[in-house]
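*Asks:* Provided herewith is a single structure, encoded as structure tokens, for subsequent inquiry.
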Amino acid sequence: MSFHSKEALWYDEYYRQTMTDFSPWNEFLLPELSRSLKSEHKLIELGCGQGHVLCYIVRAKLIPQKHICAVDHSEVAIDFVRSQIPEADLRVGDLHNLDLPSGYYDFCLLMETIEHLSEPMPVLQKINQLLVPGGVLYLSFPNYIHVPWLIMRILAEKLDKPNWVNLQPVDKIYTVFTVIKLLRLAGFKFEKSIGTTYCLPMPWPLLRRLERPPLTRALNALGLWRLSFHPVMKFRKR
């Protein structure tokens, strides 16, 4: 069995449990999308998982289902999304081998995905091709400039405790600076970022109770987004 087949099986097992909690990065992405999306826009999400953002977009009537495309490695995840938004263009596939129309999409979402790409640059260059001139890419990822989370990541690897940081088959370490550099090389211009998850490492339910949106917004108002663990970054195709 190839590595990519094993990887797909890992994600199939991961997504057999339905996620119900809306992540902080998605919470802060949604207002951005609500302000930006128009009914005629076309949007693609790569590494969509269970598609909770896409379902929100449809429920809020921001764009019709037929203007949405989503790709994920996991057939289980795509089957779940299909049960929620059956008219969308939903595909099981490897993000390194996308067969999609160039210059077609106005927006692309790459949320908590770039760190799981074995070869990110070809994927980012392909995203650039998929977008219309001036098209927008939103992405989020674990930003290991956050030193306490970096220490937790190192300990999780050394002590074989993958659940401490939800380690996945491919799980690279990035910072906001390396991601901005990658995106510039792929033909994007950095526009803005919204910090989420400033708290120290702790069990997820406790973190969600302690770091409420008003606290996150206050820290962002101080310009501290570079120190957050899951920034939501906005790039535009040059």
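*Asks:* Of these, S102, S74, which one is hydroxyl-bearing (S, T, Y), modelled with pLDDT of 95 or more and surrounded by 22 or more Cβ atoms within 10 Å (Cβ to Cβ)? It would help to see each step written out before you state the result.
*Replies:* Values: S102 fails: surrounded by 22 or more Cβ atoms within 10 Å (Cβ to Cβ).
Checking each option against the conditions leaves just S74.
*Asks:* State all residues of region 81-114 that are under 23 Å from T20 (Cα atoms) and in contact with a Pro (Cβ under 8 Å, 6 or more places away or on another chain); if no residue qualifies, say none.
*Replies:* E87, E112, I114 - these are the residues of region 81-114 that are under 23 Å from T20 (Cα atoms) and in contact with a Pro (Cβ under 8 Å, 6 or more places away or on another chain).
*Asks:* Give the residues of region 31-55 that are assigned to a loop (DSSP other than H, G, I, E, B) and on the phi < 0 side of the Ramachandran plot, sorted by residue number. I'd like the intermediate steps shown before the answer.
*Replies:* Going through region 31-55, the residues assigned to a loop (DSSP other than H, G, I, E, B) turn out to be 37-42, 47-51.
Within region 31-55, L37, K38, S39, E40, H41, K42, C48, Q50 qualify.
*Asks:* Answer yes or no as to whether V123 is assigned to a helix (DSSP H, G or I), in contact (Cβ under 8 Å) with a residue 40 or more places away in the chain and of a type outside the set (D, E).
*Replies:* Against the criterion (assigned to a helix (DSSP H, G or I), in contact (Cβ under 8 Å) with a residue 40 or more places away in the chain and of a type outside the set (D, E)), V123 qualifies.
*Asks:* Suppose we keep only residues that are without any contact (Cβ under 8 Å) to a residue 24 or more places away in the chain and either among the charged types (D, E, K, R) or touching a helix residue (DSSP H, G or I) at 6+ places or on another chain (Cβ under 6 Å) (or both) within region 42-89. Which one would you say is nearest to N26 (Cα to Cα)?
*Replies:* Residue satisfying both the conditions and the ranking: R59.
*Asks:* Sticking with this one: State which residue is surrounded by the most Cβ atoms within 10 Å (Cβ to Cβ) when the search covers only region 124-159 and only residues that are of a type in the set (F, W, Y) and closer than 25 Å to S36 by Cα. So that I can check it myself, show each step before the final result.
*Replies:* Step one: filter region 124-159 for residues of a type in the set (F, W, Y), giving 138, 141, 144, 149.
Cutting the leftovers down to closer than 25 Å to S36 by Cα gives us 138, 141.
Values: Y138: 22, F141: 25.
The extreme case among them is F141.
*Asks:* Sticking with this one: Give all pairs with beta carbons closer than 7 Å in which a residue from region 137-162 that is within 19 Å of I180 (Cβ to Cβ) meets a residue that is surrounded by fewer than 16 Cβ atoms within 10 Å (Cβ to Cβ) and small (G, A, S); count only pairs at least 6 apart in sequence or on separate chains.
*Replies:* none
*Asks:* Could you check how many residues of region 170-222 are in contact with a strand residue (DSSP E or B) (Cβ under 6 Å, 6 or more places away or on another chain) and of a type in the set (A, V, I, L, M)?
*Replies:* 4
*Asks:* When the residues of region 166-195 are narrowed to those that are within 16 Å of the chain's Cα centre (by Cα) and of a type in the set (S, T, Y), which ends up surrounded by the most Cβ atoms within 10 Å (Cβ to Cβ)?
*Replies:* Residue satisfying both the conditions and the ranking: S193.
*Asks:* Something else now. Sort out which residues of region 11-30 are surrounded by 15 or more Cβ atoms within 10 Å (Cβ to Cβ), over 14 Å from the mean Cα position of the chain (by Cα) and assigned to a helix (DSSP H, G or I), and write them in order of number.
*Replies:* Hits for region 11-30 are Y11, D12, Y14.
*Asks:* If you don't mind, another one. Among the residues of region 146-187, write down those that are among the aromatic types (F, W, Y) and more than 26 Å from L222 (Cβ to Cβ). If you could, list the steps in order and put the result at the bottom.
*Replies:* Narrowing region 146-187 to residues among the aromatic types (F, W, Y): 149, 164, 174, 177.
Listed by number, the list holds a single entry, W164.
*Asks:* From the set of residues in region 84-99 that are in contact with a strand residue (DSSP E or B) (Cβ under 6 Å, 6 or more places away or on another chain) and part of a loop (DSSP other than H, G, I, E, B), which is surrounded by the most Cβ atoms within 10 Å (Cβ to Cβ)? Break it down into steps so the answer makes sense when it comes.
*Replies:* Step one: list which residues in region 84-99 are in contact with a strand residue (DSSP E or B) (Cβ under 6 Å, 6 or more places away or on another chain), which gives 88-91, 93, 95.
Of the ones still in play, those that are also part of a loop (DSSP other than H, G, I, E, B) are 88, 93, 95.
Working: A88: 24, G93: 16, L95: 22.
Among those that are in contact with a strand residue (DSSP E or B) (Cβ under 6 Å, 6 or more places away or on another chain) and part of a loop (DSSP other than H, G, I, E, B), it is A88.
*Asks:* Within region 56-83, track down each residue that is under 22 Å from I127 (Cα atoms) and either assigned to a helix (DSSP H, G or I) or of a type in the set (K, R) (or both).
*Replies:* I57, Q65, K66, H67, E75, A77, I78, V81, listed by residue number.
*Asks:* When region 33-71 is examined, which residues are found to be surrounded by fewer than 16 Cβ atoms within 10 Å (Cβ to Cβ) and in contact with a Phe, Trp or Tyr (Cβ under 8 Å, 6 or more places away or on another chain)?
*Replies:* Selection gives S36 alone.
The values are calculated or read from the model by the stated rules, or taken from the named source; none is laboratory data. Note that this is a predicted model, so its numbers are computed, not measured. No Cβ is skipped: glycine too gets one built from the backbone with ideal geometry, and neighbour counts run over all protein chains shown.
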